[in-house]
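A quick write-up on the structure given underneath.
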Amino acid sequence: MQDLVPPLSRFSQPEWEGEPFVGRTLLVFSDYGIGDAMQLVRYLPMAVARGGKVVLQVQPSLVSLFRDLPGVTVLARGEALPPFDLQLPMMSLPRVLGTTLDTIPAAIPYLQAEPAKLSRWQRALRHAKGLKVGVVWAGNPQHKGDKFRSLAAEAVLPRLVMPGVQLYSLQKEARPADGAVLASLKTDIADLAPALGDFSDTAAAVAALDLVISVDTSVAHLAGGLGRPVWVLLPYALDWRWLRDREDTPWYPTMRLFRQPAPGDWTSVLDSVAHDLTATLEEAHDPDTA
């Protein structure tokens, strides 16, 4: 649970307000979930540009993914912190740096897969036929809104089985019924979860796929930050980051949003995803679009 529930961080150092801090050290710490950290880490280069040293404290499973951020020392929660002069929670970065919807730093990829790990995944998947599609159908069950965003494997996976598609499960937190569903699909889906340790492993797997289809959870942010095509299934209830009435998002240029048209209506969402996946396959095989 250390990765999932943020501690109540209290620091006596003053909160950074975006001013230059040459000669001082700024601590930026993850104050919400893993997906939030992946979304907001894009702001660290802007903080580094204000001078001084930047220390980033995040969940342990994110350290290897973030460790090569230029100018940033990345530490896991629980590790001893060096002396620092200023502090700021990650969720406050857009405010203190003054960005708007039009100026969100959205150059991608801002996350990178480790080359050696990516090469291993590319070799492992090189003989796969058809479109390689990673799937995540459920998030952390202890998330307060999980019942609204997560789906059962049996509701999602059979809808995505079609000629020309090879499915890959990126689902790490298996639910009791997941195993039977995966087994019933046989070779139509491969379970990658046993090979996924921390998020650097997942990043390399995602980077080797053609498309990720995910509910609103950390892998969706990961795929978006890597600049990979990703389709996100959203509940009707609004989340601030996905705005309203749009299929795209200023946060991730390669992301498409599939929204419930009414509360609880996952059928319409899955119908749209299956339809568009079929259309994607047809377009890929259309010589006029090649």
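The values are calculated or read from the model by the stated rules, or taken from the named source; none is laboratory data. Values in this document were obtained by computation on a predicted structure and should not be read as measured data. Every residue, glycine among them, receives a Cβ derived from its backbone with ideal geometry; neighbour counts consider all protein chains shown.
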*Residue match in segment 205-213 (condition: assigned to a helix (DSSP H, G or I), β-branched (Val, Ile, Thr), crowded, with 24+ Cβ neighbours inside 10 Å and in contact with a Gly (Cβ under 7 Å, 6 or more places away or on another chain))*: yes
*How about segment 250-263: which of its residues are in a loop (DSSP other than H, G, I, E, B) and either of a type in the set (D, E, K, R) or touching a Lys or Arg at 6+ places or on another chain (Cβ under 9 Å) (or both)?*
Trp251, Thr254
*asked:* Restricting to segment 217-249, and then to whatever is assigned to a helix (DSSP H, G or I) and at pLDDT below 95, can you tell me which residue is farthest from Met38 (Cα to Cα)?
replied: Trp240
*Scan segment 229-263 for residues that are without any contact (Cβ under 8 Å) to a residue 40 or more places away in the chain and among the charged types (D, E, K, R) and jot them down.*
Asp239, Arg244, Asp245, Arg246, Glu247, Asp248, Arg256, Arg259
*Across segment 209-227, what is the total count of residues that are over 19 Å from Thr280 (Cα atoms) and either of a type in the set (D, E, K, R) or over 8 Å from the mean Cα position of the chain (by Cα) (or both)?*
3
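So that you can scan it fast, the table gives a plain yes or no per residue for (1) of a type outside the set (Phe, Trp, Tyr); (2) buried (at least 20 other Cβ atoms within 10 Å of the Cβ):
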position	(1), (2)
Tyr43	no, yes
Gly52	yes, no
Leu65	yes, yes
Ala80	yes, no
Ala116	yes, no
Arg120	yes, no
*Hey, any hits in segment 135-156 for a residue that's in contact with a strand residue (DSSP E or B) (Cβ under 9 Å, 6 or more places away or on another chain), within 15 Å of Gly35 (Cα to Cα) and β-branched (Val, Ile, Thr)?*
yes
*Residue list for segment 144-153, restricted to those being free of Cβ contacts under 8 Å to residues at least 40 places away in the same chain and over 15 Å from Val269 (Cα atoms)*: Lys144, Asp146, Lys147
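Mind checking which helices (runs of 4 or more DSSP H) fall wholly inside segment 12-68 and carry at least 2 residues that are outside the structural domain of Gly197 (by TED's automatic domain parsing) and of a type in the set (Gly, Ala, Ser)?
34-40
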*Counting only residues that are crowded, with 19+ Cβ neighbours inside 10 Å and aromatic (Phe, Trp, Tyr), how many does segment 123-170 have?*
2
*Can we say Ser268 is among the small types (Gly, Ala, Ser), buried (at least 17 other Cβ atoms within 10 Å of the Cβ) and more than 23 Å from Pro115 (Cα to Cα)?*
no
*Return a yes/no flag: does segment 83-97 have any residue that is of a type in the set (Gly, Ala, Ser) and exposed (fewer than 14 other Cβ atoms within 10 Å of the Cβ).*
no
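Could you say which residue among Ala207, Ala190 is under 16 Å from Lys132 (Cα atoms), out of contact with any Leu (no Cβ under 6 Å at 6 or more places or on another chain) and at pLDDT 95 or above? Break it down stepwise before answering.
Working: Ala207 fails: out of contact with any Leu (no Cβ under 6 Å at 6 or more places or on another chain).
Exactly one residue qualifies, and that residue is Ala190.
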*Would you mind finding the one in Arg24, Arg42 that is within 10 Å of Leu86 (Cβ to Cβ) and either under 17 Å from the mean Cα position of the chain (by Cα) or of a type in the set (Lys, Arg) (or both)?*
Arg24
